[in-house]
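Some notes on the structure that comes next.
The values are calculated or read from the model by the stated rules, or taken from the named source; none is laboratory data. What you see is a predicted model, and the numbers here were worked out from it, not measured in a lab. Because the Cβ atoms are built from the backbone with ideal geometry, glycine has one as well, and the counts that use them run over all protein chains shown.
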């Protein structure tokens, strides 16, 4: 017996204008309708199972109809459940979907909707090397956290209601292969080992290996944590700087998104109050190395990030002029400013040389045999080197432009010039500079300085 009653077939036939259809015809049509419905439901069930769902939807029925080359039913796709109404016709119950009555006067008197905007397209980065840039088009970390918490609360509610265990997965999962994990462990152990051979091999591997882009954020995090935890361990600080240099030298790595994490580590090694346990250790070379590394970053990425070098210059200038900072910090700031070029020396170091030497260096330089005298002499030499850099670069600029004066080697410095130099940059730095610079014409950038 068919599940589709023949009375329904007779009612549909009469609504189409066919009067008094025979019972045999109605029964045959009912069986055929029953067969067709089973086919459609079976096909729709396949779509439901392939979609990993347990509830049949209108979309599954439409997909089954398309497979059977039947035009889908329009107007039934809705997110809300359909509400059927019951009526009686010819002593039979009929269910139908009720249509809401609409008043034309109400529609005509409604204000017109706003004109929709034109369709536009914009491009932005979802992620760069696994890191999501902080732009308005991307969700913020707080939004992602709130979304994750809401999912967890819904999952807990479902567990309480249905006693089902649901695991909420994180939004992004970074999976590393076992080979990369083993490589990371070996490299991090090698760079902090006491064997110089292992350290150099690790740096060379970081510099030349082409398959390390997935490990780059982990290496950056390792460097930052090691610098924070071992700021007084000179060997570890030097190893981390060498590791940064190796990463920057690699042509296979895109380091741009991680500069904001690497620069604080470099500057900390450069202007840190104490980066070694014994003040007599050679921490000066590590500060010089950090300054060269900072200048390399500014030179390579300064055009892409035009605010980076001005911000670094401002930070180093503050460390240089702060009288509460130790002399070791002043030394790191001076060598860092030296590496930023001639204009920084001319506009930042030269105008402040005399006041710095008279107020900060004079007293420690007179304390013979002390650590403070050593530190003050290092700062004095760094300031002298910065002025020599300014002189040499100005001389090279004159040679390049063809304005070099003839017989420059015969142009000796007279007493008036010496007095003018000492008056401009102070006697402490002036005496050191005059011992290394014997030509009056070379002192032009010093004499022309507006103090």
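Per the conditions (1) touching a strand residue (DSSP E or B) at 6+ places or on another chain (Cβ under 7 Å); (2) assigned to a loop (DSSP other than H, G, I, E, B), the sole criterion not satisfied by residue 74 is (1).
Taking into account only those residues within region 427-441 that are at pLDDT below 75 and either within 46 Å of the chain's Cα centre (by Cα) or not in a helix (DSSP H, G or I) (or both), which is nearest to residue 414 (Cα to Cα)?
Of the residues in region 427-441, the ones at pLDDT below 75 are 438-441.
If we keep only those that are either within 46 Å of the chain's Cα centre (by Cα) or not in a helix (DSSP H, G or I) (or both) too, we end up with 438-440.
Details: 438: 10, 439: 9, 440: 8 Å.
Restricting to residues being at pLDDT below 75 and either within 46 Å of the chain's Cα centre (by Cα) or not in a helix (DSSP H, G or I) (or both), the top hit is 440.
For region 19-46, a residue qualifies if it is free of Cβ contacts under 8 Å to residues at least 24 places away in the same chain, more than 23 Å from residue 62 (Cβ to Cβ) and not in a loop (DSSP other than H, G, I, E, B), and the qualifying residues are 23, 24, 25, 26, 28, 29.
Against the condition under 19 Å from residue 296 (Cβ atoms) and either modelled with pLDDT under 90 or touching a helix residue (DSSP H, G or I) at 6+ places or on another chain (Cβ under 7 Å) (or both), how does residue 348 come out, does it pass? Answer is no for this residue.
For region 103-113, a residue qualifies if it is more than 54 Å from the chain's Cα centre (by Cα) and in a loop (DSSP other than H, G, I, E, B), and exactly one does: 103.
State the number of residues belonging to region 257-306 that are surrounded by fewer than 17 Cβ atoms within 10 Å (Cβ to Cβ), free of Cβ contacts under 8 Å to residues at least 40 places away in the same chain and closer than 16 Å to residue 228 by Cβ. Qualifying residue count for the region: 1. Return a yes/no flag: does region 298-316 have any residue that is modelled with pLDDT of 90 or more and within 21 Å of residue 430 (Cα to Cα). No, region 298-316 contains no residue that is modelled with pLDDT of 90 or more and within 21 Å of residue 430 (Cα to Cα). Selection of region 190-216 for residues being touching a residue at least 12 places away in the same chain (Cβ under 8 Å) and under 13 Å from residue 243 (Cα atoms) yields 190, 191, 192, 199, 202, 203, 204, 205, 206, 207, 208, 216. Taken over region 1-18, residues that are out of contact with any helix residue (DSSP H, G or I) (no Cβ under 8 Å at 6 or more places or on another chain), loosely packed, with under 11 Cβ neighbours inside 10 Å and not in a helix (DSSP H, G or I) amount to 3. Residues of region 266-318 being closer than 22 Å to residue 374 by Cα and assigned to a loop (DSSP other than H, G, I, E, B), which ones? Passing the criteria: 272, 273, 274, 275, 276, 277, 278, 279, 280, 281, 282. From the list 387, 365, 337, the lone residue that is buried (at least 19 other Cβ atoms within 10 Å of the Cβ) and modelled with pLDDT under 90 is 387.
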